[in-house]
Amino acid sequence: MKPPPVVIYTHEDRTRQLAATIRNWNAANIQITHVEHQTDTPTPARNRRNALAAMRHAMKHHHRGNGLLMIEDDTTPNRHMRAWLEHIETQNYPGPVTLYTPNQTTRYAPDHLKGIMSGYDKTTTGEIFQANTPRGWWGAQAVWIPWSICNIIAADARYTTEELGIGPWDTALRTILIEHDLPLFMTAPSIVQHAAGANLVAPHRQRHASASYDWNVTPPTRPRRQPAEEKEQCHKASLD
């Protein structure tokens with residue numbers, strides 16, 4: 001199976017990070033499909049617009065499978081990334097699947113995965129779970145997005161404005177999920193790590209990386225839960 005298209009959105013001032021990221025993904029047997037370069041002065045709105053341009057390029061020129069993977073220019077993948085992407089594509093998740101969760105974030109995870117997401121526990125075979133809510137989520141360093149949701153984003157005029165509006169790429173994506181009542185899925189553990197380079201828009205902002213990142217964990221072997229099972233799992237997590 002051919003993996004989904006993989007696009008990077010980057011800025012001209014991050015050529016060193018970009019080169020390292022392309023090497024990292026090539027080493028995991030994933031070829032980058034397209035790189036969208038931003039040359040304007042960095043702002044949150046321009047980050048959103050640049051990511052949108054990358055997504056639209058893939059929609060027009062590289063539309064295959066069930067979705068696309070959008071990554072930032074300072075990421076390192078799990079060595080089994082090709083198998084993970086094949087699993088995601090085969091299961092055809094109805095919402096975005098984030099491959100990266102920053103820090104020790106456990107609020108979205110069911111009980112049996114909280115230790116993994118905090119980085120204290122390890123597993124040889126990972127899972128993908130549905131977050132109980134997309135509210136508060138951020139950190140779109142690597143997100144697989146179904147084409148159906150790409151269509152919603154591409155048709156939303158708020159994504160193209162120069163004003164801050166719905167914010168940078170990750171918070172804008174979160175807004176779409178909330179407004180359209182769409183699910184958000186997460187890998188347990190993170191299968192992408194963030195190099196946590198300096199933020200071009202806010203250099204003072206604290207850098208973040210995933211506490212749960214695992215270079216060697218393999219993808220799930222079972223089919224994803226059916227909607228009723230996912231809903232029950234999310235309900236239990238929301239009660240914690």
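Nothing in this text is a laboratory measurement; each read-out follows from the coordinates by a stated rule. Model, not experiment: these values are computed from the prediction. When we count neighbours, we look across all protein chains shown, and the Cβ atoms used for this are built from the backbone with ideal geometry, even at glycine.
Brief remarks on what is shown
- Theoretical gain in end-to-end length, ASN92 to THR125 [0.36 nm per residue, Cα-Cα removed]: 9.9 nm
- Pairs of Cα atoms in the stretch 87-153 fall into 5 Å distance bins, from 0 up to the last occupied one, in shares of 3, 14, 25, 27, 19, 8, 3, 1 percent.
- Contact order relative to length of the stretch 1-55, as percent, for alpha carbon pairs under 8 angstrom and 6 or more apart: 45
- Its Cα gyration tensor gives the chain an equivalent ellipsoid; the semi-axes, largest first and in whole Å, are 25, 20, 19.
- Sum of side-chain charges, LYS2 neighbourhood, beta-carbon under 12 Å (Lys, Arg +1; Asp, Glu -1): 0
- With the simple model of a label 7 Å out from the Cα in the direction of the Cβ, HIS37 to GLU179 spans 3.2 nm.
- Sum of side-chain charges, HIS194 neighbourhood, beta-carbon under 9 Å (Lys, Arg +1; Asp, Glu -1): -1
- Stretching THR171 away from SER118 to a fully extended chain increases their span by 16.8 nm, per 0.36 nm per residue minus the current alpha-carbon distance.
- Comparing THR123, THR33, THR221 in a Gaussian network model of the chain, where Cα atoms under 10 Å apart are tied by springs, the biggest mean-square fluctuation is seen for THR221.
- Approximate spin-label separation LYS2-ALA209, in nm, with each point projected 7 Å along Cα-to-Cβ: 3.5
- Over the stretch 116-163, the fraction of Cα-Cα pairs per 5 Å bin, rounded to whole percents and listed from the shortest bin up, is 4, 11, 14, 25, 21, 7, 7, 6, 4.
- Stretchable slack from ARG225 to ASN26, in nm (0.36 nm times residue separation minus alpha-carbon distance): 68.5 nm
- Base-10 log of normalised Debye intensity for the stretch 88-205 (one unit scatterer per alpha-carbon) at q = 0.09, 0.11, 0.18, 0.23 Å⁻¹: -0.26, -0.39, -1.01, -1.41
- Taking 1.567 mPa s as the viscosity and 4 °C as the temperature, the Stokes-Einstein diffusion coefficient of the stretch 3-125 based on its alpha-carbon Kirkwood radius rounds to 81 µm²/s.
- Exposed loop positions in the chain were taken to be trypsin sites (Lys or Arg not before Pro) whose DSSP state is not H, G, I, E or B and which have at most 13 other beta-carbon atoms within 10 angstrom. Between these positions, the longest stretch is 1-121.
- Virtual spin-label span in nm between HIS63 and THR161, 7 Å along Cα→Cβ: 2.7
- Pairs of Lys residues in the chain are counted when their Cα atoms are under 30 angstrom apart and they lie 8 or more places apart or on different chains; the count is 7.
- In the chain, excluding the sites themselves, the longest stretch lacking any of the GluC sites (Glu not before Pro) that are in a DSSP loop with at most 15 other Cβ atoms within 10 Å is 1-161.
- Computed over the stretch 6-238, relative contact order equals 29 percent, with contacts defined as Cα pairs under 8 Å that lie 6+ residues apart.
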